[in-house]
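Notes follow the structure.
The values are calculated or read from the model by the stated rules, or taken from the named source; none is laboratory data. Treat the numbers as computed from the prediction; the structure is a model and nothing was measured. Cβ placement follows ideal geometry from the backbone for every residue including glycine, while neighbour counts extend to all protein chains displayed. What goes into the accessible areas is simple: the full protein's heavy atoms, side chains included, and nothing from ligands, DNA or RNA. Shrake-Rupley method; radii C 1.70, N 1.55, O 1.52, S 1.80 Å.
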Amino acid sequence: AQQKPEETLKMRQGLFQAVRMNFGPIGAFAQGKGDLPADAAAKAENVAALARMLPMAFGKGSEALSGSNTKAEAFTSADFLKGFPMMEEAAVKLAAAAKSGDAEAIKAAVGGVGKTCKGCHDTFRKE
Ligand code: ASC
């Protein structure tokens, strides 16, 4: 069944909240602001799974809703959805780095994930 646009937007916001909850603590570690979570690899794998789920959270009708932080042009851009597989690939690399336990490799891989976040935000996020 087709999701209602309002439900699609709620899913989108929830998925990004989950991205923050999983990536945030690893990102904080990379910035010297906390310990590496004991379950960092699982968190990174969660981010990869969320990247796979995110495209379905930008469905028809949900582009026009107030409360959305996505610019309208995201929904007509040929490039917009290409960012999610890049996010997934970077998160898989982060999971591998987390399993290795090598702090420098983890920091580099966090940078790789962060680049895919920022790349999309700079173009398609309202604020
Ligand atoms: C984060 C966060 C983002 C990205 C981005 C990376 O932790 O909340 O939006 O990383 O800042 O440059």
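Do we find that Gln3 is open to solvent by 40 Å² or more (accessible area, probe 1.4 Å), within 16 Å of the ligand (Cβ to nearest atom) and of a type outside the set (Ser, Thr, Tyr) in this structure? Answer is no for this residue. In this entry, Ser77 passes the filter for residues that are within 26 Å of Glu6 (Cα to Cα), open to solvent by less than 60 Å² (accessible area, probe 1.4 Å) and of a type in the set (Gly, Ala, Ser).
Just give me the residues in segment 24-57 being within 16 Å of Gly112 (Cβ to Cβ), away from the ligand (no atom under 14 Å from the Cβ) and open to solvent by 30 Å² or more (accessible area, probe 1.4 Å), in sequence order. Glu45 - this is the single residue of segment 24-57 that is within 16 Å of Gly112 (Cβ to Cβ), away from the ligand (no atom under 14 Å from the Cβ) and open to solvent by 30 Å² or more (accessible area, probe 1.4 Å).
Here segment 80-107 is the region considered, the condition is being within 14 Å of the ligand (Cβ to nearest atom) and open to solvent by 20 Å² or more (accessible area, probe 1.4 Å), and the residue that is nearest to Gly27 (Cα to Cα) is Lys107. Look at segment 105-117: where a residue is assigned to a helix (DSSP H, G or I) and aliphatic (A, V, I, L, M) and a partner is near the ligand (Cβ under 8 Å from one of its atoms) and open to solvent by less than 30 Å² (accessible area, probe 1.4 Å), sitting 6+ places away or on another chain with Cβ atoms under 7 Å, you get Val110/Gly27. When Leu65 is tested against (1) more than 16 Å from the chain's Cα centre (by Cα); (2) within 16 Å of the ligand (Cβ to nearest atom); (3) among the aliphatic types (A, V, I, L, M), only condition (2) is not met. Close Cβ contacts (under 9 Å, 6 or more residues apart or on different chains) running from residues in segment 15-42 that are closer than 21 Å to Met53 by Cα to residues that are of a type in the set (Phe, Trp, Tyr) comprise Ala40/Phe29.
From Gly67, Gly32, Gly59, which residue is on the phi > 0 side of the Ramachandran plot and at pLDDT below 95? It is Gly67.
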